[in-house]
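The values are calculated or read from the model by the stated rules, or taken from the named source; none is laboratory data. These numbers come from a predicted model, not from an experiment. All Cβ positions, glycine included, derive from the backbone under ideal geometry; neighbour counts span all protein chains shown. Just so you know, the surface numbers come from the protein's heavy atoms only, side chains and all, with ligands and any DNA or RNA stripped out. Shrake-Rupley method; radii C 1.70, N 1.55, O 1.52, S 1.80 Å.
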Amino acid sequence: MVKVSTVIIAVLLALSVVWSVMILVSPTMVLEGDSQAVAGKSYQDLMAAGGVGVALLYVRHMQVFALAAAIGGAFILFAAFRKGEKWAWWAMLTINVVVWGFGTAINLVISNYTDFIPFAVGLAVNLVALGIPIKSFFPAKA
């Protein structure tokens, strides 16, 4: 069961890296959706010319953190999680709830359902992947 869970989480981490790199290269992908959800206007209509550059830099900065979380998660996944270490299960739970949960919550709050759906699916799949091997990490006491 740990192997199945490891593969599922590894696929999600790989998708996270691809998504983060895409947004790092083209941050307007998310900036436009959030601007439309919050203000009903394009981000370009909301900011002075200098403000657009600051917003794009901010989005890129967030993606560096997202990449770091995915890379750190991969190290935990392959170094300890697949070996059944309890701390790694807790670490993966924490990383997944913080990263995927925040994206789910913030997009729900601002009514950006285009971004809400992938975050919610990612959160659900991660929680299922962590639930599959739970008995391997926390066996019943005899």
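Considering the stretch 36-51 alone, what residues qualify as being hydrophobic (A, V, I, L, M, F, W, C) and either more than 22 Å from Ser111 (Cα to Cα) or touching a residue at least 12 places away in the same chain (Cβ under 8 Å) (or both)? Outline the logic, then answer.
Step one: of the stretch 36-51, the residues hydrophobic (A, V, I, L, M, F, W, C) are 37-39, 46-49.
Selection gives Ala37, Val38, Ala48, Ala49.
Can you tell me how many residues in the stretch 22-36 are farther than 30 Å from Ser5 by Cα, in a helix (DSSP H, G or I) and under 21 Å from the mean Cα position of the chain (by Cα)? Reasoning before the result, please.
Here is the first cut: in the stretch 22-36, the ones farther than 30 Å from Ser5 by Cα are 25-29, 31-36.
Adding the requirement that they be in a helix (DSSP H, G or I) leaves 25, 28-29, 31-36.
Then drop every residue that is not under 21 Å from the mean Cα position of the chain (by Cα), which leaves 25, 28-29, 31-35.
Number satisfying all stated conditions: 8.
What tally of residues in the stretch 37-54 results from selecting those that are of a type outside the set (Val, Ile, Thr), out of contact with any Ser or Thr (no Cβ under 7 Å at 6 or more places or on another chain) and in a helix (DSSP H, G or I)? Lay out the reasoning, then the answer.
Start the filter on the stretch 37-54 by keeping residues that are of a type outside the set (Val, Ile, Thr), which leaves 37, 39-51, 53.
Still in the list and also out of contact with any Ser or Thr (no Cβ under 7 Å at 6 or more places or on another chain): 39-40, 44-45, 47-51, 53.
Narrowing the set further to residues that are in a helix (DSSP H, G or I) leaves 39, 44-45, 49-51, 53.
Within the stretch 37-54, residues that are of a type outside the set (Val, Ile, Thr), out of contact with any Ser or Thr (no Cβ under 7 Å at 6 or more places or on another chain) and in a helix (DSSP H, G or I) number 7.
Looking only at residues that are of a type outside the set (A, V, I, L, M, F, W, C) and open to solvent by 20 Å² or more (accessible area, probe 1.4 Å) in the stretch 17-37, which one is farthest from Leu67 (Cα to Cα)? So that I can check it myself, show each step before the final result.
Taking the stretch 17-37 first, the residues of a type outside the set (A, V, I, L, M, F, W, C) are 20, 26-28, 32-36.
Narrowing further to those that are open to solvent by 20 Å² or more (accessible area, probe 1.4 Å): 26, 28, 32-34, 36.
Details: Ser26: 15, Thr28: 18, Glu32: 21, Gly33: 21, Asp34: 20, Gln36: 25 Å.
The extreme case among them is Gln36.
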Q) Restricting attention to the stretch 101-120, and to residues there that are open to solvent by less than 40 Å² (accessible area, probe 1.4 Å) and part of a helix (DSSP H, G or I), which single residue is modelled with the lowest pLDDT? A) Asp115
**Q.** Among residues of the stretch 83-142, those that are more than 21 Å from Gly72 (Cβ to Cβ) and among the basic types (Lys, Arg), counted
**A.** 2
Q.
What's the total number of residues in the stretch 86-117 that are within 14 Å of the chain's Cα centre (by Cα), within 18 Å of Glu32 (Cα to Cα) and not hydrophobic (A, V, I, L, M, F, W, C)?
A. 4
Q.
Quick check on Val54: is it of a type in the set (Val, Ile, Thr) and open to solvent by 80 Å² or more (accessible area, probe 1.4 Å)?
A. yes
